[in-house]
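In what follows, a structure is listed as structure tokens, so that the remarks can point back to it.
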Amino acid sequence: MRIQPITCYRPTPEAVAAFASPPYDVFDRAGAADYVRKHPRSFLAIDRPETSFAPGQDMYAPEVYQRAGSLIRERGLDGTLLKDQVPCLYLYRLEQGERRQVGVVCACSVAEYENGTIHRHEETRPEKTADRTEHIRATGAQTGPVFLAYRDSMAIDVIVDAARMSEALYDFTDEQGVRQTVWRIARSAAVEALAVAFSTVPCAYIADGHHRASAAAAYCHERREGGGGGGEHAADSFLAVLFPASQLTVLPYNRLVHDSNGLAPEQLLAALAQADFVVGEPQQTAVEPAERRHFGLYAHGSWYPLRYVGEVPDVRQDPAAALDVALLQDRVLGPVLGIDDPRTSDRISFVGGIEGGEGLKRRAGRHGIAFTLHPTSVEEIMTVSDAGLLMPPKSTWFEPKLRSGLFIRRV
């Protein structure tokens, strides 16, 4: 696959800790507004520009996107952002407890995204792609990196390890306790060495950022159709960070159904048994599944361990259908609880496993029904992607999250 160095705007070392923010899509609207209220100089004010308006404001109105554009220009004028004049690659390391991952920040090809060299594993929603496309138009920039994984390469590891011997560009710890360290690779020989090493990598996998990638592709086509073709352009590629798969940590993406679909407790448990789930004894402590085909159920004030004992689709034939998230959807959420399309239903929410079972219980309250899952593995993601299949929505939660605003790539 092909990688390219980037010319980007980035925060000054003095401003970086206050400016870099969690990604836009980990917040609901109220949560984003609260974060910006507490961190008014953060990049999230640009990434979620509706936070500058009253709660009732249409968050997709033209003036909202215009606010993103004006804010990014202000940060360029007030000294928050500086521009690297020479195209560079960057290394981006995140450390959280025992977890450590080091990625290469670069531009990746829209053409390789579209021809399948860069694999996707989730469907995108048109309205979310349209939102991020409009954000690119308004800011003139790709502002959030697409998080990509690749199968480990010893050649890349050697070059990355050598490049980390230089002085770090940034080194700070965010409010979640994640240490964020960035190095710049500007020497042409080192940039070329990494590009050659990645040329031997047959493919990459989108771990997070499907809508950002889709929006970059949409903007690329808009530019071409608007007469902007001819010659290579920054819009022909997108901002990305590539991590070796072995370094990544996936947490479960749990399910919360806001009602019981009219089922009394005994009816729900009976329906689960009919769906080939062995239901354990009720308990008060949260069930955190330790292996595949095991689930936790919270309903009517109690937790229940669940174990699926029914037939599982052949992984070689359909690895997507054999995933735990797919079994839960196909056996329970759809036929028992009436969530036929989890992408569009307003009766279901998806809760990242970082909250744990107790956080899920609080969200469920008296009337909701919650399910905890064992996390989908990186290998399962790659197997599904290699087969050209798609996972159910919200199948993976990668942790730690990449910060936004560290690299702003003008297009």
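The values are calculated or read from the model by the stated rules, or taken from the named source; none is laboratory data. Because the structure is a prediction, the values reported are computed rather than measured. Virtual Cβ from ideal backbone geometry, glycine too; neighbours counted across all protein chains shown.
Evaluated against (1) in a helix (DSSP H, G or I); (2) touching a residue at least 60 places away in the same chain (Cβ under 8 Å), Gly359 falls short on exactly one condition, (2).
Considering Gly227, Gly280, Gly262, which residue is within 23 Å of Ser109 (Cα to Cα), more than 30 Å from the chain's Cα centre (by Cα) and without any contact (Cβ under 8 Å) to a residue 60 or more places away in the chain? Criteria check complete, one pass: Gly227.
Within segment 327-335, is even one residue among the aliphatic types (A, V, I, L, M), more than 24 Å from Ala149 (Cα to Cα) and surrounded by fewer than 16 Cβ atoms within 10 Å (Cβ to Cβ)? There is no residue in segment 327-335 that is among the aliphatic types (A, V, I, L, M), more than 24 Å from Ala149 (Cα to Cα) and surrounded by fewer than 16 Cβ atoms within 10 Å (Cβ to Cβ). Can you find a residue in segment 384-394 that is of a type outside the set (Lys, Arg), farther than 26 Å from Ala215 by Cα and surrounded by 20 or more Cβ atoms within 10 Å (Cβ to Cβ)? Taking every residue of segment 384-394 in turn, none turns out to be of a type outside the set (Lys, Arg), farther than 26 Å from Ala215 by Cα and surrounded by 20 or more Cβ atoms within 10 Å (Cβ to Cβ).
Considering every residue within segment 154-175, establish whether at least one is modelled with pLDDT of 95 or more, touching a Cys at 6+ places or on another chain (Cβ under 9 Å) and not polar (S, T, N, Q). Within segment 154-175 (the criterion being modelled with pLDDT of 95 or more, touching a Cys at 6+ places or on another chain (Cβ under 9 Å) and not polar (S, T, N, Q)), the answer is no, since none of the residues qualifies. Being among the β-branched types (Val, Ile, Thr), surrounded by 13 or more Cβ atoms within 10 Å (Cβ to Cβ) and over 30 Å from Gln101 (Cα atoms): is that true of Val279 here? Yes; evaluated as a whole, the condition is true for this residue. When Thr181 is tested against (1) crowded, with 20+ Cβ neighbours inside 10 Å; (2) within 25 Å of the chain's Cα centre (by Cα), just one condition goes unmet, and that condition is (1). The strands (runs of 3 or more DSSP E) falling completely within segment 95-200 that include 1 or more residues that are out of contact with any Pro (no Cβ under 6 Å at 6 or more places or on another chain) and without any contact (Cβ under 8 Å) to a residue 24 or more places away in the chain map to 170-173.
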